[in-house]
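Working notes, beginning with the structure itself.
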Amino acid sequence: MKKVGCYTLGLSMLLAAPSWANDVYVRDVNVEGLKRVEVDTVLSYVNIPTGQTVSQENLDDSLKNLYNTGLFTDVIFDVKSDGLLTIKVIENPIVNQRYFDGNEKVSEDMLAKEVSLSSGSIYDRSKVQEDVQRIITVYKRTGRYATTVVPKIIKRDQNRVDLIYEINEGPLANITKINFVGNKRYSDDDLANAIMSKESRWYRIFSSSETYDADKSNYDKELLRRFYLKRGYADFKVNSAIAELSPDKTSFVLNYVLNEGQRYKISAIRFDSEIKDVNLKPLEKDLDFEVGEWYNDTKIDSSVQKITEELGKQGFAFVDVVPDLQIDTKTAKIVVVFKIMEGERVFVNRINIKGNTRTHDEVIRREFRIDEGDAFNASKIKASKKNVENLNYFSKVDVKTVPAGANKADIDVNVEEKSTGYFNVGVGYSTVNGMLFRTGVTENNFRGMGQQLGLDVGISQRTQEYDISFTEPYFMNRNLSAGVDLFRTEEDYQDYGSYDMSSMGGRLRLGWKYTDSFSQYVRYTYKQDEINNVASDASKYVKEEIGKYDASVVGQTLVYDKRDSAINPKEGYYVSFGNDVAGAGGDEKYAKFDAKVYKYYTIADDYTFKLFTQAGYITGLGGEDVRLFNRYNLGGSTLRGFDTAGIGARDKNTGDALGGNWMIYSGAEMSFPIGLDEVGIRGRTFADMGMLGKPDGIDGANDVEYSSTPRVAAGFGFQWLSPMGQIDVDIAFPIVKEDYDETQVFRLNFGTRL
């Protein structure tokens, strides 16, 4: 008898098979030890012919093939002198049940998706070890690098085992320190604010930014690059980004080594077209930057997109616009040359969307500025990706172009969905409204169709607000938003006008975009306003308003928004103009006009200057006066330095504020860092000016104090984005005022969302 090979349980790699001087004659093959596996299955893997002399190489290969199936713990080839080959096997057990024990921070469903062994699988020790590493990798992605996993088995009858992964999750490996090396122009605080990763602090208990993640760290390098390229540093590089894990695997130190390079200014802008008949003159208006400005990579990218769109309007569908930077390191100047070249004639074949288990394909497709069959346009694809990201339904949006035959390309869109529903509870205090409580539920992707559904309740010492809203962003499958609101508001004006006011009704809305920046919205509102609980000693002008009044109002608003961000603008401007007309039914008859203008500048690094003006005018129609609750008021949250309804016409005897038929509120504000950006605190200084016009019904009245002269206040304050919500503190000093105006030096607004 001669044993020609043996493999034993516990090895994760194949042992070297023995060698023989001579080949072996095999008369027949016999298989022993089988319980579940069929004989034919074994013979299909060994592939040894009978009645022939078999080479050593054939035996070795057959043995390896059989063992590599993973079906067996042990395999032995035994060739007897009469030519009978006996294959002795010990089958691997079957996994009866698989369990995860100790997993509190990661769900069982998530772990189950990662491991390969499950109930009914063939137990394989090498696969168990692979699963252990997969589980550890999952925990690393959540920031737990000290996680340990110990696999254990419990033997059952019929060659079955229960497989248990005992998990010790360990603590989060937070970032204890972030070091920047090589930064001379910008401070560590400036750069720390530019990246996603943050140092561990007590106030970040609700944030994952202090947890180390390799992907996030790599993205930080891109954010640093964008930070510098946006500010003129065209040579900037991140030489290295190293994460040092502590010996106990509970914390990280991040080290970024930077090469800032020089800061460059634009010295010239040129166009170089390889295509004939291109009209270059209109392209100049599409530039977002000028000669003499600091180099800004973001503005160059946006200019490329606009130039490409303009060339498309001229009939050049297949073009490539490439910015060529001619850098002069001696003078620190850059000449930007936009090269216009003939692009490859490629058409979009298919747009494939993957990863959206909840969101309908249509919601994503309608954000694309390019369709199947269109000429391929990289600029439009980039804009489409931005539109999908702006939906805020996905944590990741990846768009790739894949060749699909001659002159065709597929666009593969891979998304990762995130939660789009919000439940908030707010508590706080305001010097305007006193103690407040707010709660609400909002779903921004209702039914996966991109619809918005919200329910909001706000209660304070002065006001009670109840609101239900629904918005369909693509009404009737058109680029047309439609919505409906139901609302009820109750306000306490006893301290300012000796009355209470309530309003209840509904609103229908439509909105559409002419361009990405220019929008229009129309609305119809039907509501019932009421003045009640009027004090016995209230002004006669207030007492005249007691009662309920219905209003049927049609309105519209035009918006032109060129801000770089709607949430935290630093550059650009915003303009809106709206008007409402009441009178098609109901008791109210008036025409109202409102306008807003905001302009933002970043004068220095992170110093943002804002200019703003708001103006409004309302007039009665058909000889009707404008009622008290439709008039304008200034003060409190508008016109800092003055109390709510603090300026304008006031009853001499009662001191009740009577509002006005027109208003202007304007000012300037500078927002700046005060060395506390790490904790989310920024300082500001401001100057406000306000004017309030005379209300209806008091012409020639001797018992009313009124002046439309400007009121002016100036002051300072700060904004804190605290873990408990946004806190605004302003200290304002009236500079120009009337003796009867109500002033307010200190103003605090505080709230939290849990």
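The values are calculated or read from the model by the stated rules, or taken from the named source; none is laboratory data. Remember, predicted model here, so these are calculated numbers, not experimental data. Heads up, the Cβs are rebuilt from the backbone with ideal geometry, glycines too, and the neighbour counts pull from every protein chain shown. We work out accessible area using only protein heavy atoms, side chains counted, and drop any ligands, DNA or RNA first. Shrake-Rupley method; radii C 1.70, N 1.55, O 1.52, S 1.80 Å.
Structure summary
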| read-out | value |
| --- | --- |
| Cα centroid separation - the stretch 129-198 against the stretch 83-127, whole Å | 23 Å |
| Cα-centre dipole for the stretch 67-152 with unit charges at Cβ (Lys and Arg positive, Asp and Glu negative), debye to 20 | 360 debye |
| Sum of side-chain charges, Val335 neighbourhood, beta-carbon under 10 Å (Lys, Arg +1; Asp, Glu -1) | 0 |
| Whole-angstrom gap from the stretch 234-272 to the stretch 654-712, using each part's C-alpha centre | 46 Å |
| Gyration tensor verdict on the chain (Cα atoms; rounded if a/c is under 1.5, prolate if a/b is larger than b/c, oblate otherwise) | prolate |
| Cα lying deepest toward the dipole's positive end in the chain, options Thr329, Ile411, Gln494, charges on Cβ | Thr329 |
| In the stretch 148-211, the chymotrypsin sites (Phe, Trp or Tyr not before Pro) that fall in loop regions by DSSP, at most 11 other Cβ within 10 Å | Phe206 |
| Modelled FRET efficiency - R0 41 Å, Met341 with Asn259, Cβ distances, 0.05 increments | 0.85 |
| Cut-off under 5 Å, modelled amide H: who pairs with Tyr493 long-range | Tyr499, Asp500, Met501 |
| Cβ-Cβ FRET estimate between Asp188 and Lys306, R0 fixed at 60 Å, reported to 0.05 | 0.95 |
| Positive-end extreme of charge dipole, the stretch 202-351 - chosen from Phe316, Thr250, Ile300 (charges on Cβ) | Ile300 |
| Peptides ranked, highest mean first, by Cβ atoms within 10 Å: ranges 350-357, 646-653 | 646-653, 350-357 |
| Förster-model FRET efficiency, 60 Å R0, Glu624 and Leu676, C-beta, rounded to 0.05 | 0.70 |
| Distance (nanometres) between label positions extended 7 Å along Cα→Cβ at Phe609 and Phe470 | 4.9 nm |
| Radius 14 Å from Cβ of Phe577, net charge of other residues (Lys, Arg +1; Asp, Glu -1) | -1 |
| Cα gyration tensor, the stretch 278-432 - rounded (a/c under 1.5), prolate or oblate | oblate |
| The chain - charge dipole about Cα centre, Lys and Arg +1 at Cβ, Asp and Glu -1, debye rounded to 20 | 1540 debye |
| Label-to-label distance, nm, for residues given as Glu38 and Trp202 (7 Å Cα→Cβ offset) | 7.0 nm |
| Cα shape, the stretch 596-666, gyration tensor, a/c 1.5 rule | oblate |
| Estimated 222 nm signal from helices in the chain, with DSSP H stretches of n ≥ 4 weighted -39500 (n - 2.57), rounded to 500 | -4500 deg cm²/dmol |
| Average accessible surface area per residue within the chain, 1.4 Å rolling probe, Å² | 51 Å² |
| Environment charge of Asp500, counting only residues whose C-beta is closer than 9 Å and scoring Lys/Arg +1, Asp/Glu -1 | -4 |
| Carbon plus sulfur fraction of accessible area for the chain, probe 1.4 Å, in percent | 51 percent |
| Burial ranking of peptide ranges 538-545, 78-85 (average Cβ count within 10 Å, highest at the top) | 538-545, 78-85 |
| Highest to lowest packing among 333-340, 517-524, 654-661, scored as the average C-beta count within 10 Å | 654-661, 333-340, 517-524 |
| The stretch 353-363 - phi-based ³J(HN,Hα) in whole Hz, Karplus 6.51/-1.76/1.60, Gly and Pro as x | 10, 9, x, 8, 6, 10, 6, 5, 3, 4, 4 |
